[in-house]
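What follows is a single structure, written as structure tokens, with notes after it.
The numbers here are math on the coordinates, done by the rules we state, and not lab data. Predicted model, so just to flag it, every value in this text is computed and none were measured. Cβ placement follows ideal geometry from the backbone for every residue including glycine, while neighbour counts extend to all protein chains displayed.
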Amino acid sequence: MQYLIVIEKTTNGYSAYSPDLQGCVSTGATHEEVEQNMHEAIVFHLDGLKLEGLEIPRPTTSSAYVEVAA
């Protein structure tokens, strides 16, 4: 499955979250690091849900860019 992650620049690096996985977040010093950390966080999150016998959420979030004159 593919989950959308949102990556945001912070004053100390980057943070990320997945809208489809409530509470699944991560940080990193670089864009690449936060992507890798988020991958690991998602795997960990899904493993935890499985261990608890909870349903694995299906990815439903999408993204798009809207072009506007600035």
In debye, nearest 20, what is the charge dipole magnitude of the chain about its Cα centre with +1 on Lys and Arg Cβ and -1 on Asp and Glu Cβ, if you could check?
120
Angle between the chain longest axis and helix 31-51 axis [Cα atoms, degrees, rounded to 10]
20
Pairwise FRET efficiency - Gln22 versus Ser62, Cβ, R0 = 25 Å, nearest 0.05:
0.90
Sites Thr11 and Asp47, calculated FRET efficiency, Cβ-Cβ separation with R0 30 Å, nearest 0.05:
0.45
Relative contact order [Cα under 8 Å, 6+ residues apart], the chain, whole percent
27
